[in-house]
Amino acid sequence: MARGPNLDTFISAADRALRALLAPPASGRPVPAPLTKDTGPKDGALSPEERRESASLMRVNHAGEVAAQALYHAQALFARDPDVREFMLHAAREETDHLAWCETRLKELGARPSVLNPLWYAGSFGIGAIAALLGDKASLGFVAETERQVEGHLKSHLDQLPPGDQRSRAIVEAMCHDEVGHGRQAESAGAVNLPGPVRELMRRTARVMTHTAYRL
Ligand SMILES: [Fe+2]
Ligand SMILES: [Fe+2]
């Protein structure tokens with residue numbers, strides 16, 4: 001039976017938020033690329049410029065995964081149908097793997113995550129809550145559109161990442177595979193198409209985040 005959030009679900013949501021921001025993400029799946037003797041901050045396969053470029057792109061992806069966690073957490077919290085809530089929580093767990101992979105790779109590249117991650121989490125949580133409060137079908141539509149845009153973004157990173165950075169590329173490819181899966185599952189669960197202006201607003205909001213996280 002459908003039920004709204006109660007105190008327990010709010011406490012769980014707060015716990016998930018703190019874990020996403022403060023605890024080292026626990027990945028259920030290993031990083032989808034073997035560690036080689038060349039992997040790491042002294043990676044001989046990458047020039048200093050290439051390493052800097054990889055780090056900036058992986059910082060953007062890490063921030064994107066923080067935002068993805070927040071969206072799914074909020075959409076789970078305000079979902080009406082328990083099956084929709086479970087779908088959102090399951091997707092959020094896969095996003096936790098992505099977060100862990102990006103964090104691992106950032107460390108290997110000798111770089112830090114975005115200092116604005118709490119802001120990305122808070123803003124995305126608010127957006128996810130609005131999507132969820134519009135109803136489950138709209139919320140699923142938001143997932144389908146978000147994942148479509150994330151897929152395009154990750155594919156653009158595959159064009160931009162240095163060809164020698166096989167480990168980052170393998171991570172981005174595996175993430176892209178999961179994001180396509182999330183979008184398809186949302187569609188088959190009854191997602192509605194979002195209006196064009198909403199899709200454009202989502203694109204612009206994501207652009208602000210990706211451009212800022214590239215540097216900060
Ligand atoms: Fe992801
Ligand atoms: Fe996803």
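The values are calculated or read from the model by the stated rules, or taken from the named source; none is laboratory data. Source: prediction; values computed, not measured. Positions of Cβ are backbone-derived with ideal geometry, glycine not excepted, and every protein chain shown enters the neighbour counts.
Go through Pro48, Pro82 for me and flag whichever is in contact (Cβ under 8 Å) with a residue 24 or more places away in the chain and over 15 Å from Ala191 (Cα atoms). First the steps, then the outcome.
On the way: Pro48 fails: in contact (Cβ under 8 Å) with a residue 24 or more places away in the chain.
Pro82 is the lone residue from the list that is in contact (Cβ under 8 Å) with a residue 24 or more places away in the chain and over 15 Å from Ala191 (Cα atoms).
Residue pairs whose Cβ atoms lie under 8 Å apart, separated by 6 or more positions or on different chains, with the first residue in the stretch 172-192 and over 28 Å from Ala55 (Cβ atoms) and the second of a type outside the set (A, V, I, L, M, F, W, C) and more than 10 Å from ligand 2 (Cβ to nearest atom), are Ala186/Gly141; Ala189/Asp83; Gly190/Asp136; Gly190/Lys137; Ala191/Lys137; Ala191/Gly141; Val192/Lys137; Val192/Gly141.
For Met58, are the conditions met, namely being modelled with pLDDT of 90 or more and within 16 Å of ligand 2 (Cβ to nearest atom)? First the steps, then the outcome.
Numbers: modelled with pLDDT of 90 or more: yes; within 16 Å of ligand 2 (Cβ to nearest atom): no.
It is false that Met58 is modelled with pLDDT of 90 or more and within 16 Å of ligand 2 (Cβ to nearest atom).
Only residues that are of a type in the set (S, T, N, Q) and part of a loop (DSSP other than H, G, I, E, B) were counted across the stretch 178-202, and they come to 1.
Looking at the stretch 83-91, is at least one residue over 17 Å from the mean Cα position of the chain (by Cα), at pLDDT 90 or above, more than 16 Å from ligand 1 (Cβ to nearest atom) and closer than 22 Å to Val208 by Cα? Checked the stretch 83-91: no residue is over 17 Å from the mean Cα position of the chain (by Cα), at pLDDT 90 or above, more than 16 Å from ligand 1 (Cβ to nearest atom) and closer than 22 Å to Val208 by Cα.
Taken together, Pro30, Pro48 contain a single residue that is surrounded by fewer than 22 Cβ atoms within 10 Å (Cβ to Cβ), at pLDDT below 90 and within 27 Å of His211 (Cβ to Cβ), which is Pro48.
Does Ala174 qualify as being within 16 Å of ligand 2 (Cβ to nearest atom) and either touching a strand residue (DSSP E or B) at 6+ places or on another chain (Cβ under 6 Å) or not polar (S, T, N, Q) (or both)?
On the way: within 16 Å of ligand 2 (Cβ to nearest atom): yes; either touching a strand residue (DSSP E or B) at 6+ places or on another chain (Cβ under 6 Å) or not polar (S, T, N, Q) (or both): yes.
Spelling it out, Ala174 is indeed within 16 Å of ligand 2 (Cβ to nearest atom) and either touching a strand residue (DSSP E or B) at 6+ places or on another chain (Cβ under 6 Å) or not polar (S, T, N, Q) (or both).
For the stretch 154-169, residues that are within 16 Å of ligand 1 (Cβ to nearest atom) and over 17 Å from Gly64 (Cα atoms) total 0.
Give the stretch 168-205 a look and list any residue that's among the basic types (Lys, Arg) and either under 25 Å from Ala131 (Cβ atoms) or at pLDDT below 90 (or both), or say none. Before you say what the answer is, go through the steps one by one.
Here is the first cut: in the stretch 168-205, the residues among the basic types (Lys, Arg) are 169, 184, 199, 203-204.
The answer is Arg184, Arg199, Arg203, Arg204.
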